[in-house]
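Q: Okay, handing you the structure first.
Read-outs throughout are calculated quantities, based only on the coordinates presented, and are distinct from any laboratory measurement. Owing to the predicted nature of the structure, the values given are computational and were not obtained by experimental measurement. Every residue, glycine as well, gets a Cβ built from its backbone with ideal geometry; the counts of neighbours run over all protein chains shown.
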Amino acid sequence: MAKKQQKSGTASPSPEKGEQAMIEGIIEGSPDAVGVAVIRLDCGCRKMAAVDKSGDPASKIIMYRDNAESICALCKEDNGDYMRVVKQFISWKSPEPDAHTQAMITAKVLGAEQ
Ligand SMILES: [Zn+2]
C-alpha cells in the first residue's frame, strides 16, 4: 500500500511540540475526553478544549501563547474571535474513535466545513 503525502485541506495537521504538551495536560485533567480541539489564531495564541465522545466540552476552554506569560492584548479583548482562526483541528486521544465518531465530533465542535 503506497502511502502518499496528504495534501493540505482535509487532513488534520499534527500538533506542534508546544501544543502537544498542552494537549497531554488537558487530557490528563479531563477523564471524559476523547480528544482536544486545537484552534490556532492569527496572532499566535491558541485556544484549546477537551471534547467528550458526544462532542460536548469536557474541559474549560484554555487559551495560551507559546513562550509568553499570557495571551496577547487582542485576544484579551476579543477572546480569540473565530474570524481570526487560521487553523483548527482535533487531536485525538489514543485509541482514536472510529472515523464516523470523529466526523460527528468534528462537525459538532468545529462546525461543518463548507
Ligand atoms: Zn492572541
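Q: Quickly work out the residue 20-to-residue 87 label distance, labels modelled 7 Å from Cα along the C-beta direction, and quote it in nm with one decimal.
A: About 1.4 nm, to one decimal.
Q: Given contacts defined as C-alpha pairs under 8 Å and at least six residues apart, what's the relative contact order of the chain, whole-number percent? Numbers along the way, then the final one.
A: Values: 155 pairs, mean separation 29.5, N = 114.
Computed value for the chain: 26 percent relative contact order.
Q: May I pose another question? Pairing the Cα long axis of helix 17-28 with the longest principal axis of the chain, what angle in degrees results, from 0 to 90 and rounded to the nearest 10?
A: 80 degrees
Q: Related question: Which order results if 106, 101 are arranged by neighbouring Cβ count within 10 Å, fewest first?
A: With the sparsest Cβ surroundings first, the list reads 101, 106.
Q: May I pose another question? Report, to the nearest 10°, how far helix 99-110 tilts away from the longest principal axis of the Cα atoms in the chain, using its own Cα long axis and a range of 0 to 90°.
A: Approximately 20 degrees, to the nearest ten.
Q: Kindly count the pairs of lysines across the range 17-110 whose alpha carbons are less than 16 Å apart, treating pairs on different chains or eight or more residues apart as eligible. Numbers along the way, then the final one.
A: Details: 17/47; 17/87; 17/93; 47/60; 47/76; 47/87; 53/93; 53/108.
Pairs that pass both the separation and distance tests number 8.
Q: Specify the longest stretch of the chain that does not include any exposed loop site, a site being one of the GluC sites (Glu not before Pro) with a non-H, G, I, E, B DSSP assignment and at most 16 other Cβ atoms within 10 Å. Spell out each step's value before the answer.
A: Numbers: sites that count: 16, 69, 113.
Segment 17-68 is the longest.
Q: Taking a quarter of the surface of the Cα convex hull of the range 17-110, what do you get in nm²?
A: That works out to 5.9 nm².
Q: Another one. Loop sites only, by DSSP: take the trypsin sites (Lys or Arg not before Pro) in the chain that have at most 13 other C-beta atoms within 10 Å and name the longest stretch containing none of them.
A: Result for the longest clean stretch: 61-114.
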